[in-house]
Amino acid sequence: MVWVAASVITLVGLVGVLAVIVGLPGMWLALLTAIICKILVPEVMPWAWIGVAGGLAVFGEIVEFGASAAGAKAGGSGKAGAWGALLGGLVGAILGTIFIPIPVLGTILGGAAGAGLLAVTFERKYGKKSWGASTKAGAGAAAGKLVSTLLKAGVAAVMVVVLSVAGAGLLAVTFERKYGKKSWGASTKA
(Lines give C-alpha, C1' and ligand atoms only; values in the text may rest on other atoms or scores of the structure.)
Protein backbone atom coordinates (compact mmCIF):
# COMPACT_ATOMS: atom_id res chain seq x y z
CA MET A 1 0.00 0.00 0.00
CA VAL A 2 2.91 2.37 0.65
CA TRP A 3 3.97 2.06 -2.99
CA VAL A 4 0.50 2.91 -4.20
CA ALA A 5 0.12 5.88 -1.85
CA ALA A 6 3.55 7.28 -2.78
CA SER A 7 2.78 6.87 -6.48
CA VAL A 8 -0.61 8.58 -6.12
CA ILE A 9 1.01 11.49 -4.27
CA THR A 10 3.61 11.91 -7.02
CA LEU A 11 1.14 11.63 -9.90
CA VAL A 12 -1.39 14.00 -8.37
CA GLY A 13 1.47 16.35 -7.54
CA LEU A 14 2.53 16.44 -11.20
CA VAL A 15 -1.06 17.12 -12.24
CA GLY A 16 -1.07 19.83 -9.58
CA VAL A 17 1.90 21.58 -11.20
CA LEU A 18 0.02 21.64 -14.51
CA ALA A 19 -3.08 22.91 -12.71
CA VAL A 20 -1.05 25.78 -11.23
CA ILE A 21 0.03 26.79 -14.73
CA VAL A 22 -3.64 26.93 -15.78
CA GLY A 23 -4.45 29.03 -12.72
CA LEU A 24 -6.12 26.35 -10.62
CA PRO A 25 -5.22 25.40 -7.02
CA GLY A 26 -2.94 22.51 -7.93
CA MET A 27 -0.65 22.91 -4.93
CA TRP A 28 -3.59 22.53 -2.58
CA LEU A 29 -4.80 19.48 -4.53
CA ALA A 30 -1.37 17.86 -4.12
CA LEU A 31 -1.26 18.73 -0.42
CA LEU A 32 -4.78 17.39 0.19
CA THR A 33 -3.84 14.18 -1.63
CA ALA A 34 -0.74 13.77 0.56
CA ILE A 35 -2.83 14.31 3.71
CA ILE A 36 -5.46 11.77 2.63
CA CYS A 37 -2.76 9.23 1.72
CA LYS A 38 -1.06 9.82 5.08
CA ILE A 39 -4.34 9.20 6.91
CA LEU A 40 -5.07 6.05 4.90
CA VAL A 41 -1.47 4.75 4.84
CA PRO A 42 0.28 6.26 7.89
CA GLU A 43 3.71 4.90 6.98
CA VAL A 44 3.80 6.68 3.59
CA MET A 45 5.74 9.64 5.04
CA PRO A 46 6.14 11.60 8.26
CA TRP A 47 3.77 14.47 9.06
CA ALA A 48 6.77 16.79 9.09
CA TRP A 49 7.16 16.43 5.31
CA ILE A 50 3.49 17.19 4.81
CA GLY A 51 4.02 20.25 7.01
CA VAL A 52 6.91 21.33 4.77
CA ALA A 53 4.66 20.85 1.72
CA GLY A 54 1.95 22.94 3.41
CA GLY A 55 4.47 25.69 4.05
CA LEU A 56 5.48 25.60 0.39
CA ALA A 57 1.82 25.85 -0.67
CA VAL A 58 1.35 28.96 1.46
CA PHE A 59 4.64 30.37 0.17
CA GLY A 60 3.49 29.72 -3.42
CA GLU A 61 0.32 31.73 -2.84
CA ILE A 62 2.31 34.61 -1.33
CA VAL A 63 4.75 34.57 -4.26
CA GLU A 64 1.91 34.53 -6.80
CA PHE A 65 0.03 37.37 -5.14
CA GLY A 66 3.19 39.41 -4.62
CA ALA A 67 4.46 39.08 -8.19
CA SER A 68 1.04 39.80 -9.68
CA ALA A 69 0.53 42.84 -7.46
CA ALA A 70 4.03 44.14 -8.19
CA GLY A 71 3.48 43.86 -11.95
CA ALA A 72 0.12 45.59 -11.81
CA LYS A 73 1.41 48.31 -9.51
CA ALA A 74 4.46 48.89 -11.69
CA GLY A 75 2.10 49.44 -14.60
CA GLY A 76 -0.03 51.88 -12.63
CA SER A 77 -3.08 49.65 -12.41
CA GLY A 78 -5.97 50.50 -10.10
CA LYS A 79 -8.66 48.25 -8.61
CA ALA A 80 -10.49 47.97 -11.92
CA GLY A 81 -7.33 46.83 -13.71
CA ALA A 82 -6.49 44.39 -10.94
CA TRP A 83 -9.90 42.75 -11.26
CA GLY A 84 -9.53 42.67 -15.03
CA ALA A 85 -6.09 41.07 -14.71
CA LEU A 86 -7.39 38.42 -12.31
CA LEU A 87 -10.34 37.47 -14.49
CA GLY A 88 -8.39 37.81 -17.72
CA GLY A 89 -5.55 35.66 -16.43
CA LEU A 90 -7.87 32.76 -15.71
CA VAL A 91 -9.92 33.04 -18.91
CA GLY A 92 -6.79 33.67 -20.99
CA ALA A 93 -5.06 30.60 -19.56
CA ILE A 94 -8.02 28.42 -20.51
CA LEU A 95 -8.34 29.93 -23.99
CA GLY A 96 -4.57 29.82 -24.50
CA THR A 97 -4.63 26.11 -23.72
CA ILE A 98 -7.28 25.62 -26.39
CA PHE A 99 -6.08 27.98 -29.12
CA ILE A 100 -2.29 27.82 -28.74
CA PRO A 101 -1.64 24.11 -29.26
CA ILE A 102 1.76 24.10 -27.58
CA PRO A 103 1.44 22.31 -24.22
CA VAL A 104 2.04 24.53 -21.18
CA LEU A 105 3.35 27.44 -23.29
CA GLY A 106 -0.12 28.17 -24.68
CA THR A 107 -1.53 28.26 -21.16
CA ILE A 108 1.16 30.59 -19.84
CA LEU A 109 1.03 32.96 -22.82
CA GLY A 110 -2.77 32.92 -22.86
CA GLY A 111 -2.89 33.78 -19.15
CA ALA A 112 -0.49 36.70 -19.56
CA ALA A 113 -2.29 38.00 -22.66
CA GLY A 114 -5.69 37.66 -21.00
CA ALA A 115 -4.50 39.47 -17.87
CA GLY A 116 -3.10 42.30 -19.97
CA LEU A 117 -6.11 42.65 -22.27
CA LEU A 118 -8.75 42.62 -19.56
CA ALA A 119 -6.69 44.96 -17.37
CA VAL A 120 -6.64 47.44 -20.27
CA THR A 121 -10.36 46.96 -20.89
CA PHE A 122 -11.34 47.34 -17.22
CA GLU A 123 -9.07 50.34 -16.70
CA ARG A 124 -10.66 52.06 -19.71
CA LYS A 125 -14.25 51.18 -18.87
CA TYR A 126 -14.36 51.25 -15.07
CA GLY A 127 -11.18 53.09 -14.11
CA LYS A 128 -11.83 55.84 -16.68
CA LYS A 129 -8.14 55.96 -17.61
CA SER A 130 -6.68 57.09 -20.92
CA TRP A 131 -5.54 54.60 -23.53
CA GLY A 132 -1.91 55.26 -22.65
CA ALA A 133 -2.42 54.73 -18.90
CA SER A 134 -4.62 51.68 -19.51
CA THR A 135 -2.07 50.13 -21.87
CA LYS A 136 0.72 50.66 -19.35
CA ALA A 137 -1.43 49.06 -16.63
CA GLY A 138 -2.21 46.14 -18.94
CA ALA A 139 1.46 45.59 -19.77
CA GLY A 140 2.31 45.56 -16.06
CA ALA A 141 -0.53 43.14 -15.34
CA ALA A 142 0.57 40.83 -18.16
CA ALA A 143 4.19 40.83 -16.98
CA GLY A 144 3.08 40.27 -13.39
CA LYS A 145 0.86 37.36 -14.40
CA LEU A 146 3.64 35.76 -16.43
CA VAL A 147 6.21 36.07 -13.64
CA SER A 148 3.77 34.97 -10.93
CA THR A 149 2.71 31.88 -12.90
CA LEU A 150 6.30 30.81 -13.52
CA LEU A 151 7.34 31.42 -9.91
CA LYS A 152 4.35 29.58 -8.46
CA ALA A 153 4.84 26.66 -10.87
CA GLY A 154 8.46 26.49 -9.69
CA VAL A 155 7.38 26.40 -6.05
CA ALA A 156 4.79 23.74 -6.93
CA ALA A 157 7.49 21.64 -8.61
CA VAL A 158 9.67 21.91 -5.49
CA MET A 159 6.70 20.81 -3.39
CA VAL A 160 6.16 17.74 -5.61
CA VAL A 161 9.85 16.85 -5.32
CA VAL A 162 9.67 17.16 -1.51
CA LEU A 163 6.61 14.90 -1.32
CA SER A 164 8.01 12.42 -3.85
CA VAL A 165 11.42 12.19 -2.19
CA ALA A 166 9.83 11.78 1.24
CA GLY A 167 7.66 8.96 -0.11
CA ALA A 168 10.52 7.36 -2.06
CA GLY A 169 12.85 7.44 0.94
CA LEU A 170 10.37 5.55 3.02
CA LEU A 171 9.75 3.16 0.15
CA ALA A 172 13.44 2.26 0.27
CA VAL A 173 13.23 1.59 4.01
CA THR A 174 10.06 -0.46 3.54
CA PHE A 175 11.71 -2.50 0.76
CA GLU A 176 14.73 -3.25 2.97
CA ARG A 177 12.59 -4.24 5.95
CA LYS A 178 10.37 -6.46 3.85
CA TYR A 179 13.01 -8.18 1.71
CA GLY A 180 16.15 -7.76 3.82
CA LYS A 181 18.05 -6.17 0.91
CA LYS A 182 19.06 -2.64 0.24
CA SER A 183 16.99 -1.05 -2.46
CA TRP A 184 18.05 1.72 -4.86
CA GLY A 185 17.69 4.35 -2.12
CA ALA A 186 19.36 5.01 1.20
CA SER A 187 17.91 3.31 4.22
CA THR A 188 17.87 3.71 7.96
CA LYS A 189 17.49 1.24 10.78
CA ALA A 190 14.49 1.63 13.03
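The values are calculated or read from the model by the stated rules, or taken from the named source; none is laboratory data. Every value quoted in this text rests on a predicted model; they were computed, and no experiment measured them. Here Cβ is always computed from backbone atoms with ideal geometry, including for glycine, and neighbour counts include all displayed protein chains. Protein only, heavy atoms only, side chains kept; ligands, DNA and RNA dropped before computing areas. Shrake-Rupley method; radii C 1.70, N 1.55, O 1.52, S 1.80 Å.
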Scan segment 10-20 and tell me whether some residue there is buried (at least 22 other Cβ atoms within 10 Å of the Cβ) and small (Gly, Ala, Ser). yes
First in segment 18-38 and closer than 14 Å to residue 152 by Cα and small (Gly, Ala, Ser), second anywhere and outside any helix (DSSP H, G or I) and open to solvent by 20 Å² or more (accessible area, probe 1.4 Å), Cβ under 8 Å, 6 or more apart: 19/25
Scan segment 134-145 for residues that are free of Cβ contacts under 8 Å to residues at least 60 places away in the same chain and either closer than 27 Å to residue 24 by Cβ or open to solvent by 40 Å² or more (accessible area, probe 1.4 Å) (or both) and report the count. 1
Failed condition for residue 24, given (1) open to solvent by 40 Å² or more (accessible area, probe 1.4 Å); (2) over 19 Å from residue 112 (Cα atoms), with all others met? (2)
